[in-house]
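Please read the structure below before turning to the comments.
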Amino acid sequence: TMEEYLYENVFEHGTVGFDGRVMNTALVEKLADKLQAKKSTFACEEDLVGMIWKDRPALPKKKGFFLEECYSGESTKEKLKRIRAVLKQEKATHHIVTSLDDIAWILNMRGWDIAHFPVMLSYLIIDENSASLYINESKLDDQLRDNLQENAIVICPYDAIYEDVKKIAQDAVVLLDKTIVNYAITSGLHKEITVINRPNPSQLMKAMKNPIELANNRKAHIKDAIAMCKFMYWLKTNIGKIEMDELSISNKLLEFRKQQPNFKDISFTTICAYRENAALMHYHPTEKQYSKVEASHLLLIDSGGQYLTGTTDITRTFVLGEMTLEERKDFTIALKAM
């Protein structure tokens, strides 16, 4: 393991260097325990890779959008009220949130910063009466700005969090999840601060869907099912009659999904795998590598859609024609296991 490697190779009183923004606190503490006997120290302030990465892509700049209550089922005001009730119960004065799905849920904020995952790169600090959102301000539309203003949420530059955590009073009690929050943030907190290490309250809150979310999710699945049924009819009608390959089939499925209202994106890269390619669990065709699909054997498709009303994920295996005895046997074993 990484811990064992470092223990074997770091000199006594040696220094282990890493970018503190990309290592979670729990992992660093685990390393510290392992290296305690070596009396090692950590240097986490420098991004050595960044210094020599000349053609590094810029951070995303596409505008996000506000998810209205007819889709979210609960206002940011109510969500913050529930989170602050947990803080009061835990006797915490601050809550640091760095998981993007939690921030998106709390603020009813969606974006396009990560492929097929509708979140925005940001950090959030919630205290007893206000909050601070660390984000590229140019990505906020008017609705998002209005929602933040209504809920006393201050907009700060994305990287400013690293200096701001140093300003939190030393008698504060900070609730955060060490398995998520990076070491650069937690190491910036004053040593006198009490840290409550537990999962974000929003984790369980967002897992329990409200009636509007449940109803909307069903709508998303119905719309996605219509797209899938149209696709299945197209596939079965045309296989062996027109030329097909894994990439063209993936694109055709996307075409049917795009016809559905409120479709925003696919929910992950479509896995369209013919014959032996399906043995690779996360195989997907690319412009440079894909297989031709014939009217025989098995085709696996694992795909999904991001709709305003919800997210889908559906896997289906298609028999396209003649199959071998081995294929029948293996498929049946997998079916029985399920």
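Couple of notes before you dig in:
- The antiparallel fraction among DSSP beta bridges confined to the chain stands at about 65%.
- Its DSSP H runs of at least 4 residues, each contributing -39,500 (n - 2.57), put the calculated 222 nm mean residue ellipticity of the chain at -11000 deg cm²/dmol, to the nearest 500.
- Shape of the stretch 222-287, Cα gyration tensor, a/c cut at 1.5: oblate
- In loop segments of the stretch 65-166 as defined by DSSP, the trypsin sites (Lys or Arg not before Pro) with at most 16 further C-beta atoms inside 10 Å of their C-beta are 91.
- Highest-fluctuation residue, 134, 283, 183 considered, GNM on the chain with Cα pairs under 10 Å: 283
- Computed lengthening from residue 78 to residue 219, 0.36 nm per intervening residue step minus Cα-Cα distance: 48.3 nm
- Qualifying trypsin sites (Lys or Arg not before Pro) for the stretch 277-333 [loop in DSSP, other Cβ within 10 Å: at most 14]: 288
- Among 49, 86, 22, residue whose mean-square fluctuation peaks in a GNM of the chain (springs only between Cα atoms under 10 Å): 49
- A DSSP coil position with no more than 14 other Cβ atoms inside 10 Å describes the following GluC sites (Glu not before Pro) in the stretch 240-270: 243.
- Cross-link partners for residue 88 among the lysines, with Cα-Cα distance under 30 Å and sequence neighbours closer than 8 places in the same chain left out: 30, 77, 79, 166, 167, 178, 191, 206, 209.
- Label corresponding to Rg and Dmax of the Cα atoms in Å when calculated from the structure given, among (i) 24.5, 73; (ii) 32.4, 113; (iii) 29.3, 94: (i)
- GNM top mover of 324, 15, 76 - the chain, alpha-carbon springs below 10 Å: 324
Readers should treat all values here as calculations from the given coordinates under stated rules, not as data from a laboratory. In this text the structure is predicted, and so the values were computed from the model without any measurement. A quick note on method: Cβ atoms are made from the backbone with ideal geometry, for glycine too, and the neighbour counts reach across all protein chains shown.
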